[in-house]
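Report on one structure; see the data block that follows.
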Amino acid sequence: MSEKKEFNVIGMTCSACANNIERRLKKIDGIESANVNFAIEKLNIVFDETKVKQEDIINAVKKGGYDLEEEKKTRNVTIPIDGMTCTACATAIERRVGKLEGVENITVNFATEKAVINYNSDITRLSDIKNTIKKAGYTPLEIDKSDEIDADKLRKEKERKILWQKFITATTFAIPLLYIAMGHMIGLPIPKIINPHYHPVYFALIQLILTIPIVIAGNKFYINGYRNLIKREPNMDTLVALGTSAAILYGVYATFEIINGKLEFANDLYFESAGVIIAFILLGKYLETVTKGKTSDAIKKLMGLQPKTALVIKDNEEIEIPIDEVEVGDIILVKPGEKIPVDGIIVEGNTSVDEAMLTGESIPVEKNKGDKVIGASINKNGTIKFRAAKVGKDTALSQIIKLVEEAQGSKAPIAKMADIISGYFVPIVISIAIISGLIWYFSGASPVFSLTIFIAVLVIACPCALGLATPTAIMVGTGKGAENGVLFKNGGALELTHKLNTIVFDKTGTITEGKPVVTDIIVADNYTKNEILSIAASAEKGSEHPLGEAIVKEAENKNISLKKVDKFIAIPGHGIEVIIENKDIYLGNKKLMIEKNIEITLENESDRLAAEGKTPMYISIDGNLAGIIAVADTVKPSSKDAIRKLHDLGIKVAMITGDNRKTADAIAKQVGIDIVLAEVLPQDKANEVKKLQETGDKVAMVGDGINDAPALAQADVGIAIGSGTDVAMESADIVLMKSDLEDVVTAIELSKATIRNIKQNLFWAFGYNTLGIPIAAGVLYAFGGPKLNPMIAGAAMAFSSVSVVTNALRLKGFKPTGFKPSHKKLI
């Protein structure tokens, strides 16, 4: 059995670490896929539970020098407790509640009469904890409201604070170190006691003393770097550790030589190089964590939409409970201006609801008894009671958050080249550094000069820029998509979308509104329009087809009574067969009439209706044509504009429908369709998509995600439209939360912008290393140019990864074509 898990990865410092973890895990039998995203520090893994256990995975990663922390939802609550009389009572509660699965920690304070509890809300519920307290003989009172603790967020905030403190420490000592080491060279005043011209020993010793706290501040570089070197899995830390260690060890050696009277060593101590390099890299790491945090703003915004509590009606009392405690079937009260906590169905009251967070529509939707409401939407002006239908991870908002998280954690194919290079990058750089230093040494350069070259090559190389180039852009791109109602399910879909050159739209509900109405009723001899409508509506009463629903609705509007149906058979792609009052009735398209050998006597009328863009539905009674009911579906206002914009992008547009050719051509003419695929049965839609692919086109299929599932799966990119409350459809690669074709254009434009950004990042990352390493190796110096100072190399390395992330953040400024400030954003 395959199990899918997500873990937080602790201890990674660059993309080489991510590659090392992936390499280790993929060697284990039973692991089907392992994807480590350095940008968000998460591992997504699929494994066979019968072959490998979770503990084996955790241990394998720990052997590599990293830690795994399973994603879990931890809540922290403080519950006042009544009825305790002594400390033994507090101990009894701790013992009882502490035995509950999912309770991580409990502290009961007898003096304050409160229990502070840490628990995993995915495993146990607050109601279980309260019931356990009651069973122990005490009374849990109204809880003190406490925000949910996000352990991962707290860990990253703590990491940022530590990095900042380390940078401040390193800078505090690096500035005077640099001043002392270099100041005398440019005529800056230096105290006589540490002036190299008068007291070279003190000059060396003070630099050594100032370097020690800087090394302590950067201790992680040495711990991680040398540990990974010993394991033959070198990373960025290894480069920093080797480079600065070489500088420091040479400085210590030079200090001993100065003490022994060789004063010429005072000119090149290199303590300042090591100190300034560490300070710069700590700053770079801090800025990297800050900018990486901004790439996941979309998730934070989505999570912020959800209310924290719900007002539940129990025994005619209003009880406010945490949203995690809401269960399916609970009756929830929502007052004007409040957010709706979870998805459900109204049982009492009416109101208007602002669903902009899901649909992007700024106009509130009227809601009455029996209507669905969606969690996180805003109740505008009426008080309602509704029954919870979907709670927790099943709500529409939770599904959206899950989709965005999965997309942000996925890898795009374009990242593969960078991953491969990152895997070999550090060993190659170490080799280049050693070879460069030796070449200069054996060419007659001094050992000090050769050492400078060695250090510069090591500290200028940056695997982080390569590792961050793709995932950061994908994180911002998918987040921006969610903000505009476009949900990419993975990085592959985001990448492939920019290559599309043909888009196939399903007609009903995609190009058109999907809410057809009866426009004409043509009858043969011996029947009235009302008789035909009554028979047709009776036949279609059991059908869920939009055209059938239109006929039933027309009969209801005219107060026409329906007849009893004795037999109902659906004929996919053709129509239906029913028996009413012992009469054999067929209702459907022209194909059905031909198949059943029924003479079509009203062909001129049907051709006229089809030419007007209407769908003629034939009705036969006992083998004879009795009439035609014409149904029309109005084109969405945005369809024509969206198709024009797709043409502007150089994309061909096709329409696929089960309608007859004339009706399809009429609709196609209205909106500017290039290719019309008419009279296509549902099961043949996928074959039509395949035919287009065989011409060499990259094809997207846009449909409602229900009867279009095979075609969505066949297409290079499947796009489900107008399915905001059913966002987890397996067949689609992209889900559009609004029923607006312009979002297809947005998806393509966003894909193009994201891929352009990734290419810029990769160009910078490759270009930086391709140019930087030879310069550091002294190529320019060999031809009379400048020599790269290791301190400048360290600064360049520190800011290269920051520049890549900053460039990715520019995607936040993406605006779809035709965007206006008045447009309603979803988040």
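The values are calculated or read from the model by the stated rules, or taken from the named source; none is laboratory data. Note that this is a predicted model, so its numbers are computed, not measured. Positions of Cβ are generated from backbone atoms using ideal geometry, with glycine treated the same way; all protein chains shown enter the neighbour counts. Side chains included, ligands, DNA and RNA excluded: accessible areas come from the protein's heavy atoms. Shrake-Rupley method; radii C 1.70, N 1.55, O 1.52, S 1.80 Å.
When the residues of segment 422-435 are filtered to those that are in contact (Cβ under 8 Å) with a residue 40 or more places away in the chain and under 15 Å from Ala246 (Cα atoms), which remaining residue is most open to solvent (accessible area, probe 1.4 Å)?
Taking segment 422-435 as the starting set, the residues that turn out to be in contact (Cβ under 8 Å) with a residue 40 or more places away in the chain are 422-423, 425-427, 429-430, 432-433.
This time we only want the ones that are under 15 Å from Ala246 (Cα atoms), so: 430, 433.
Details: Ile430: 25, Ala433: 0 Å².
My answer is Ile430.
Please find, among Ile21, Ile40, the residue that is β-branched (Val, Ile, Thr), within 25 Å of the chain's Cα centre (by Cα) and within 12 Å of Ser410 (Cα to Cα).
Result: Ile40 is the single residue among Ile21, Ile40 that is β-branched (Val, Ile, Thr), within 25 Å of the chain's Cα centre (by Cα) and within 12 Å of Ser410 (Cα to Cα).
Looking only at segment 80-92, filter to residues that are in a helix (DSSP H, G or I) and of a type in the set (Ser, Thr, Tyr); which one of those is nearest to the chain's Cα centre (by Cα)?
Thr91
Condition test on Glu3, is it charged (D, E, K, R) and open to solvent by less than 30 Å² (accessible area, probe 1.4 Å)?
no
Would you be able to say whether some residue in segment 191-202 is more than 16 Å from Ala254 (Cα to Cα), touching a Pro at 6+ places or on another chain (Cβ under 7 Å) and open to solvent by 40 Å² or more (accessible area, probe 1.4 Å)?
No, there is no match, as no residue in segment 191-202 is more than 16 Å from Ala254 (Cα to Cα), touching a Pro at 6+ places or on another chain (Cβ under 7 Å) and open to solvent by 40 Å² or more (accessible area, probe 1.4 Å).
Select from segment 239-251 the residues that are more than 15 Å from Gly218 (Cβ to Cβ) and surrounded by 15 or more Cβ atoms within 10 Å (Cβ to Cβ) and list them in ascending order.
Tyr250, Gly251
For segment 737-747, which positions are surrounded by 24 or more Cβ atoms within 10 Å (Cβ to Cβ) and at pLDDT below 85?
Met737
Go through segment 694-734 and give me each residue that's at pLDDT 85 or above and of a type in the set (Val, Ile, Thr).
Thr695, Val699, Val702, Val717, Ile719, Ile734
What number of residues within segment 356-372 are surrounded by fewer than 22 Cβ atoms within 10 Å (Cβ to Cβ) and modelled with pLDDT of 70 or more?
9
Restricting segment 93-105 to residues that are open to solvent by less than 70 Å² (accessible area, probe 1.4 Å) and within 10 Å of Ile133 (Cβ to Cβ), which is nearest to the chain's Cα centre (by Cα)?
Across segment 93-105, the extreme among qualifying residues is Val97.
Please determine whether any residue of segment 285-308 is modelled with pLDDT of 75 or more, more than 30 Å from Ala798 (Cα to Cα) and small (Gly, Ala, Ser).
no
Exactly one condition in (1) within 20 Å of Cys464 (Cβ to Cβ); (2) within 36 Å of the chain's Cα centre (by Cα) is false for Gly243; which is it?
(2)
Take the residues in segment 23-38 that are of a type outside the set (Val, Ile, Thr) and open to solvent by 20 Å² or more (accessible area, probe 1.4 Å); name whichever of them is nearest to Ala461 (Cα to Cα).
Arg23
State all residues of segment 49-68 that are open to solvent by less than 60 Å² (accessible area, probe 1.4 Å) and either assigned to a strand (DSSP E or B) or aromatic (Phe, Trp, Tyr) (or both); if no residue qualifies, say none.
Passing the criteria: Tyr66, Leu68.
Before we move on, is Thr657 among the hydroxyl-bearing types (Ser, Thr, Tyr) and touching a Gly at 6+ places or on another chain (Cβ under 7 Å)?
Values: among the hydroxyl-bearing types (Ser, Thr, Tyr): yes; touching a Gly at 6+ places or on another chain (Cβ under 7 Å): no.
Considered against the rule, which asks whether it is among the hydroxyl-bearing types (Ser, Thr, Tyr) and touching a Gly at 6+ places or on another chain (Cβ under 7 Å), Thr657 comes out as no.
Can you tell which of Val215, Val201 is under 14 Å from Ala274 (Cβ atoms) and in contact (Cβ under 8 Å) with a residue 40 or more places away in the chain?
The conditions single out Val215.
Are any residues in segment 657-693 at pLDDT 90 or above and either of a type in the set (Phe, Trp, Tyr) or within 32 Å of the chain's Cα centre (by Cα) (or both), and if so, which ones?
Selection gives Asn687, Glu688, Val689, Lys690, Leu692, Gln693.
Would you call Ile673 out of contact with any Leu (no Cβ under 9 Å at 6 or more places or on another chain), aliphatic (A, V, I, L, M) and not in a helix (DSSP H, G or I)? Give the steps one after another, and end with the answer.
On the way: out of contact with any Leu (no Cβ under 9 Å at 6 or more places or on another chain): yes; aliphatic (A, V, I, L, M): yes; not in a helix (DSSP H, G or I): yes.
Yes, satisfied.
Does Leu750 meet the test of being within 22 Å of Phe425 (Cα to Cα), within 29 Å of the chain's Cα centre (by Cα) and either at pLDDT below 90 or open to solvent by less than 20 Å² (accessible area, probe 1.4 Å) (or both)?
For Leu750, the condition - within 22 Å of Phe425 (Cα to Cα), within 29 Å of the chain's Cα centre (by Cα) and either at pLDDT below 90 or open to solvent by less than 20 Å² (accessible area, probe 1.4 Å) (or both) - is not met.
Could you please give the count of residues in segment 201-237 that are of a type outside the set (Lys, Arg), part of a helix (DSSP H, G or I) and closer than 26 Å to Thr13 by Cα?
Our first condition is that a residue be of a type outside the set (Lys, Arg); within segment 201-237, this holds for 201-219, 221-226, 228-230, 233-237.
Now narrow it down to the ones that are part of a helix (DSSP H, G or I): 201-217, 219, 221-226, 228-230, 236-237.
From the residues that got through so far, the ones that are closer than 26 Å to Thr13 by Cα too are 210-217, 219, 221-226, 228-230, 236-237.
Residues meeting the conditions: 20.
Sort out which residues of segment 599-613 are at pLDDT 85 or above and buried (at least 20 other Cβ atoms within 10 Å of the Cβ), and write them in order of number.
Passing the criteria: Ser606, Leu609.
Any chance segment 39-48 includes a residue that's over 24 Å from Glu157 (Cα atoms), surrounded by fewer than 19 Cβ atoms within 10 Å (Cβ to Cβ) and touching a strand residue (DSSP E or B) at 6+ places or on another chain (Cβ under 9 Å)? Walk me through it before giving the result.
Going residue by residue through segment 39-48, those that are over 24 Å from Glu157 (Cα atoms) are 45-48.
If we keep only those that are surrounded by fewer than 19 Cβ atoms within 10 Å (Cβ to Cβ) as well, we get 46, 48.
Checking the rest, the ones that are also touching a strand residue (DSSP E or B) at 6+ places or on another chain (Cβ under 9 Å) come to 46, 48.
Yes, the conditions are met somewhere in segment 39-48.
Met593 fails exactly one of the following numbered conditions: (1) within 22 Å of Lys529 (Cβ to Cβ); (2) modelled with pLDDT under 90. What is the number of that condition?
With (1) within 22 Å of Lys529 (Cβ to Cβ); (2) modelled with pLDDT under 90 applied to Met593, the lone miss is (2).
Yes or no, residue by residue, for (1) of a type outside the set (A, V, I, L, M, F, W, C); (2) modelled with pLDDT of 85 or more; (3) out of contact with any Phe, Trp or Tyr (no Cβ under 7 Å at 6 or more places or on another chain):
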site	(1), (2), (3)
Leu100	no, yes, yes
Val108	no, yes, yes
Thr124	yes, no, yes
Arg160	yes, yes, no
Ile168	no, yes, yes
Ile186	no, no, yes
Ile190	no, yes, yes
Ile194	no, yes, no
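Given the conditions (1) under 27 Å from the mean Cα position of the chain (by Cα); (2) more than 27 Å from Asn484 (Cβ to Cβ), which single one is not true for Glu272?
Every listed condition holds for Glu272 apart from (1).
Please verify whether segment 383-403 includes one or more residues that are β-branched (Val, Ile, Thr) and free of Cβ contacts under 8 Å to residues at least 40 places away in the same chain.
no
A quick yes/no check of all residues on (1) without any contact (Cβ under 8 Å) to a residue 24 or more places away in the chain; (2) over 15 Å from Ala493 (Cα atoms):
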| position | (1), (2) |
| --- | --- |
| Leu692 | no, yes |
| Val735 | no, no |
| Tyr768 | no, yes |
| Tyr781 | yes, yes |
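Considering only segment 767-779, I want to know if a residue exists there that is farther than 16 Å from Ala456 by Cα and open to solvent by less than 50 Å² (accessible area, probe 1.4 Å).
We begin by selecting, within segment 767-779, every residue farther than 16 Å from Ala456 by Cα; these are 767.
Now drop any that are not open to solvent by less than 50 Å² (accessible area, probe 1.4 Å), which leaves 767.
Among the residues of segment 767-779, at least one is farther than 16 Å from Ala456 by Cα and open to solvent by less than 50 Å² (accessible area, probe 1.4 Å), which makes the answer yes.
The rows are residues; the columns are (1) in contact (Cβ under 8 Å) with a residue 12 or more places away in the chain; (2) of a type in the set (A, V, I, L, M); (3) under 30 Å from Phe454 (Cβ atoms); (4) surrounded by fewer than 19 Cβ atoms within 10 Å (Cβ to Cβ).
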residue: Lys262; (1), (2), (3), (4): no, no, yes, yes
residue: Asp268; (1), (2), (3), (4): yes, no, yes, yes
residue: Ala279; (1), (2), (3), (4): yes, yes, yes, no
residue: Met303; (1), (2), (3), (4): yes, yes, no, yes
residue: Val312; (1), (2), (3), (4): yes, yes, no, no
residue: Lys335; (1), (2), (3), (4): yes, no, no, yes
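Criterion first (at pLDDT below 85, among the polar types (S, T, N, Q) and buried (at least 19 other Cβ atoms within 10 Å of the Cβ)) does Asn761 satisfy it?
No.
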